[in-house]
Each structure stands twice: as structure tokens, then as C-alpha cells.
1. With n ≥ 4 as the cut-off for DSSP H runs, can you work out [θ] at 222 nm for the chain, using -39500 (n - 2.57) per run divided by the number of residues, rounded to the nearest 500?
2. Between the range 51-84 and the range 160-184, what's the alpha-carbon centroid distance in Å?
3. FRET efficiency for Lys106 and Met199, Cβ-Cβ distance as r, R0 = 22 Å, nearest 0.05?
4. Can you give me the % of accessible surface on the range 62-165 that is carbon or sulfur? Probe 1.4 Å, all protein chains present, nothing else counted.
5. What ranking, highest mean first, results for peptides 49-61, 188-200 when packing means the other Cβ atoms within 10 Å averaged over each residue?
6. So how tilted is helix 28-42 from the main axis of the chain? Cα-based, degrees 0 to 90, rounded to 10.
7. In nm, what is the difference between 0.36 nm times the number of residues separating Thr57 and Glu132 and their Cα-Cα distance?
8. With a probe of 1.4 Å, find how much accessible area the chain has per residue, and write the answer as a whole number in Å².
Amino acid sequence: MKNIISKVVISSLVIGAVGFTNAQKIDAKAKKILDDITANYKSKKNTYFKFSFGSGTNGKVDKNEPGIYYAAGDKYKLKIMETEQIFDGSKIYNINTEDMEVTVAKPNGSSSMFSPINYLTSYRNDYNVTYEGKKNVNGVNADFIKLTPVKSNGIQSVYLFVDAAKKQMIKLEQHGNNKDLAVIAITQYKENQTLDPGMFVFDKSKYKNYLVTEL
């Protein structure tokens, strides 16, 4: 499980850094749905997602773990198991409490974080987009949108399941070329909360005994 999280969270700092040259195809209906959801989330002071993070292989989830994701403007905090990632608007901090390690990096401009909403924006440059119709997801008649990379980036496809009426994400599935599967299923959503001022701040004093690496 730890290896899966390392692949989809920490390695996401560099995913998408490959140049894209192939012609991109984006379905108009799918684009409108995704852009409407993006606009809805961006209109909020902040957003909070509680979700189940599933991992497995060959299209089957073997294990589920809880996760949380906070976002306000460009800043965010994500936590899955022993891995926490904070973006303070300038640097990305990957914190692994099990290994007592912190990795610090500047965003490369084309990186995409594996989170409940990262594909809402990264699709614009990196993926072909098709509308696949409707599918029942936990009792919701969800719109099913499929993303496939314009050029090989280790991902075979991404499935997005959204509630177009509420303009909200419901679930996403990331299928890797190596048959790895990562799933985020949103279980709770809140917006415009009063957040701790230090929510998106990396406090060095809490990690004095950690190995800190600047990339």
C-alpha cells in the first residue's frame, strides 16, 4: 500500500513533465461539465473533501484507506495514511511520518497532484477527453468522463464520475500502464469553512528529527 501511495502522490511532482506533441481531442460536452465543476469549486473560499483511497491491481481494489483534502485558492493539504502533502503557494512538502522524511520541491508548472480534483485542470493540456454516458455510482446517476494521455506518462486512463447537476466530483479512478489502480471515492464534502490560519503552513519545528531533502 505504501508503494502505491508513493507512486500516485510523491511521483506526481514530476508526472506530466514530458512534452506533449500529439493532437489533443476534447469532447465538448465533457469539457463543459468539467469546466462547470471547476468554476464551482473555485468560487468557494475553501473546500474540504473526505474520501476513501483505494489501491489494487488489474482493475480490482485490494485495500481502502481514509484520506482528507483541503484547498483554498492555490494552496492545499492532502493526507493519506502516513503521507501528507502541503502546498503553501510556493513549495510542495511531502511528509512521510513512517520513514520520518520530508521532501521539499518547487512545482514544475506542469505537475499534477493525485487528489479529488487535480484532473479538473490538468486535462486541458495533457489528456484526450471523451464523454462515456451515465453510470450509477453509489445511487447517483453520474456522468462518466474518460481521460487518456495525449502522450505516454505512465497512466493508461482516468475515469471521472461527476454529478453534473450539483457540479461536484463523486469518484475518480486512475489506471496505470503497469495495471496499478488508484481510486478516490468522495464520502463527504464541505465548503467555506473557518480554517486554522496554519492549515497550509509547513511548521519545521514539528519535524526536527526528520530527514529533510530539498529537490
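The values are calculated or read from the model by the stated rules, or taken from the named source; none is laboratory data. Quick caveat: nothing in here was measured; it's all calculated off a predicted structure. Heads up, the Cβs are rebuilt from the backbone with ideal geometry, glycines too, and the neighbour counts pull from every protein chain shown. Only protein heavy atoms, including side chains, enter the accessible area calculation; ligands, DNA and RNA are left aside. Shrake-Rupley method; radii C 1.70, N 1.55, O 1.52, S 1.80 Å.
1. Values: 3 runs with 27 residues, N = 215.
Here the helix-only value at 222 nm equals -3500 deg cm²/dmol.
2. For the range 51-84 versus the range 160-184, the Cα centre distance is 12 Å.
3. On the way: r = 21 Å, r/R0 = 0.94.
Taking R0 as 22 Å, the efficiency between Lys106 and Met199 is 0.60.
4. Values: 1950 of 4470 Å².
Reported share for carbon and sulfur atoms: 44 percent.
5. Numbers: 49-61: 16.6, 188-200: 12.1.
Put in order of decreasing packing, that is 49-61, 188-200.
6. 30
7. Details: separation 75, 0.36 × 75 = 27.00 nm, distance 2.28 nm.
Here the answer is 24.7 nm.
8. Numbers: 10940 Å² over 215 residues.
On a per-residue basis, the chain sits at 51 Å².
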